[in-house]
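Here the structure comes first, spelled out in structure tokens, and everything after it is commentary.
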Amino acid sequence: MKAAADAFIARHGLPDVVIANAGISVGVLTEHAEDLDVFEAVLRTNVLGMFATFHPFVAAMRERGAGRLVGIASVAGVRGLPGGSAYSASKAAAVKYLEALRVEMRASGVQVVTIAPGYIRTPLTAVNPYKMPFILDADVAAQRFARAIKRGTSYTVIPWQMGIVARILAIAPNWLFDRVFAKAKHKPRKLPT
């Protein structure tokens, strides 16, 4: 990532916006030893990949006193979803990382934008065996992301309806959350090849 960033800066100059949007979402179950490698790959991509994307740009943006670092998290980071423990854990970690980075960068003039999407129609969601409320087409989601980035919103859930769902999930007592989601269908596991 650093080599790619250095090549970009040498050719085009320091960007105004850097977006970390890599993500893996696959089902894992803790009782399967082979799922440990999958869990690790999800965390490495979804959390460490975000750090690696931002790292080559942060010092120069701080020195310039301007720019935006945009991290794509997920509503799945609000509560742990059955079968999606790796994805939920990675996105919760991403939200907290971005929150810490936002505060670190506050005095520098560099903004940190956290976007937590709900469901977006992509190959990642095409395999989901459950209803996906408020699902957005990728082009519609991209337009909404662009507006949030332009505004410099510190944290937003897209679509807004999922923001309401996320707030309800966040305050739901564990006994109720557990009862409802224990019956939920799981994202399919990625079997080792």
Worksheet entry | Lys183 among the basic types (Lys, Arg), under 27 Å from Asp35 (Cβ atoms) and touching a residue at least 60 places away in the same chain (Cβ under 8 Å) | no
Worksheet item: Taking the condition aliphatic (A, V, I, L, M), closer than 30 Å to Asn128 by Cβ and modelled with pLDDT of 95 or more, does Val78 pass?
Response: no
Worksheet item: Quick one: would you say Ala5 is of a type in the set (Gly, Ala, Ser), more than 25 Å from Leu169 (Cα to Cα) and either free of Cβ contacts under 8 Å to residues at least 60 places away in the same chain or part of a helix (DSSP H, G or I) (or both)?
Response: yes
Item to complete: Mind listing whichever residues of the range 149-169 are under 16 Å from Val75 (Cα atoms) and of a type in the set (A, V, I, L, M, F, W, C)?
Response: Val157, Ile158, Trp160, Met162, Ile164, Val165, Ala166, Ile168, Leu169
Discussion item. Please count how many residues of the range 149-167 are assigned to a helix (DSSP H, G or I), crowded, with 16+ Cβ neighbours inside 10 Å and modelled with pLDDT of 95 or more.
Written reply: 1
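Output the residues belonging to the range 110-140 that are small (Gly, Ala, Ser), surrounded by fewer than 18 Cβ atoms within 10 Å (Cβ to Cβ) and more than 17 Å from Ile19 (Cα to Cα). Outline the logic, then answer.
Filtering the range 110-140 down to residues small (Gly, Ala, Ser) leaves 116, 118, 126, 138.
Still in the list and also surrounded by fewer than 18 Cβ atoms within 10 Å (Cβ to Cβ): 126, 138.
Ala126 - this is the single residue of the range 110-140 that is small (Gly, Ala, Ser), surrounded by fewer than 18 Cβ atoms within 10 Å (Cβ to Cβ) and more than 17 Å from Ile19 (Cα to Cα).
Can you tell me how many residues within the range 60-92 are farther than 26 Å from His12 by Cα, of a type in the set (Val, Ile, Thr) and more than 9 Å from the chain's Cα centre (by Cα)? It would help to see each step written out before you state the result.
Restricting attention to the range 60-92, the residues satisfying the condition of being farther than 26 Å from His12 by Cα are 73-92.
Among the residues that remain, those that are also of a type in the set (Val, Ile, Thr) are: 75, 78.
With more than 9 Å from the chain's Cα centre (by Cα) added as a condition, the list becomes 78.
Result for the range 60-92: 1.
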Discussion item. Against the conditions (1) surrounded by 12 or more Cβ atoms within 10 Å (Cβ to Cβ); (2) modelled with pLDDT under 95; (3) assigned to a helix (DSSP H, G or I), where does Ala170 fall short? Just the number, please.
Written reply: (1)
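Scan Ser90, Ser85 and give me the residue that is in contact with a Leu (Cβ under 6 Å, 6 or more places away or on another chain) and under 23 Å from Asp37 (Cβ atoms).
On the way: Ser85 fails: in contact with a Leu (Cβ under 6 Å, 6 or more places away or on another chain).
Just one listed residue meets the conditions, Ser90.
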Item to complete: Please enumerate the residues belonging to the range 93-117 that are under 13 Å from the mean Cα position of the chain (by Cα), assigned to a helix (DSSP H, G or I) and hydroxyl-bearing (Ser, Thr, Tyr).
Response: Tyr97
Worksheet item: If you go through the range 27-48, how many residues are of a type in the set (Gly, Ala, Ser) and either surrounded by 12 or more Cβ atoms within 10 Å (Cβ to Cβ) or under 19 Å from Leu124 (Cβ atoms) (or both)?
Response: 2
Discussion item. Here is a list: Pro133, Pro82. Which entry is without any contact (Cβ under 8 Å) to a residue 40 or more places away in the chain and part of a loop (DSSP other than H, G, I, E, B)?
Written reply: Pro133
Worksheet item: Does Arg121 fit the bill of being in contact with a Phe, Trp or Tyr (Cβ under 7 Å, 6 or more places away or on another chain) and of a type in the set (D, E, K, R)?
Response: no
Discussion item. Where the second residue is exposed (fewer than 14 other Cβ atoms within 10 Å of the Cβ) and among the β-branched types (Val, Ile, Thr) and the first is without any contact (Cβ under 8 Å) to a residue 24 or more places away in the chain and lies in the range 32-60, which pairs have Cβ atoms under 8 Å and are six or more apart or on separate chains?
Written reply: none
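The values are calculated or read from the model by the stated rules, or taken from the named source; none is laboratory data. A quick note: this is a predicted structure, and the numbers were derived from the prediction, not measured. With ideal geometry, Cβ positions are generated from the backbone for all residues, glycine too; neighbour counts draw on all protein chains shown.
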